[in-house]
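Only the coordinates and a few stated rules stand behind these numbers; no lab work does. Quick caveat, the model's predicted, so the values are computed rather than measured. All Cβ positions, even for glycine, are placed from backbone atoms using ideal geometry, and neighbour counts span all protein chains on display.
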Amino acid sequence: MSRARPDETPVVAPPAQTRGVVVPLRRPGTDLGDLGDEALIAACATGDATARAALFERHVDAVHRLVSRLCYDAATVDDLVQTTFITAYRVAPRFRAGGRARPWLYGIAANLTRNHTRREGRRVRALSAFAMIDRHEPALDPAKHDRITRLPAAIGSLSHDLRAALVLVDLEGQSGRDAATALGVPEGTLWRRVFHARRAVRRFIDEGRR
């Protein structure tokens, strides 16, 4: 297949559906899989559709998992994930050199989710992702099973700020520095939120067992 000349607009295939999110397909014969995130985001800033698709493919699962843990409505999750990447493409020219893509994307996703819940006036009541128990795991003792099944409601009862801090650190495994960067707060503030979130979750679960 002939390549487009530099003065021509490359032909891009129709959008693809992934997890309910629209993402442009890669141009034939182009592979950006080995390109680092910073270079990939720089390419996204120029409007390169292939780079945008590659960034999406590399990070969509992580972003989708995070948003699913912050928002209980499956249809809304897909919308927020799509908006996260659309926003990332738009603000890519402002990406800080030396920064890391995942905390950056997490920050965008967390902000969008917070704005959505505030705008809709809803409190997240449960996180279905936490209620899933691997059927291949050994049988749980009743006390442990009760804690696991109450965890979604416990985390859902938290404010958005506490919930986001807990999810990023305890469930996504982000370092304090990266989680703080994603949420746009000092690291000390991040750890205070994690502390209060953990304490609130333990209290919620313990009260449910009485």
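The table for this structure:
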read-out	value
Rh (Kirkwood; distinct C-alpha pairs) - the range 149-201, Å	10.8 Å
Most to least packed among 187-198, 161-172, 92-103, 44-55 [average Cβ atoms within 10 Å]	161-172, 44-55, 187-198, 92-103
Net charge over other residues, Cβ less than 11 angstrom from the Cβ of I86 (K, R count +1; D, E count -1)	+1
Peptide ranges 173-183, 105-115 listed from the most packed, as the mean C-beta count within 10 angstrom indicates	105-115, 173-183
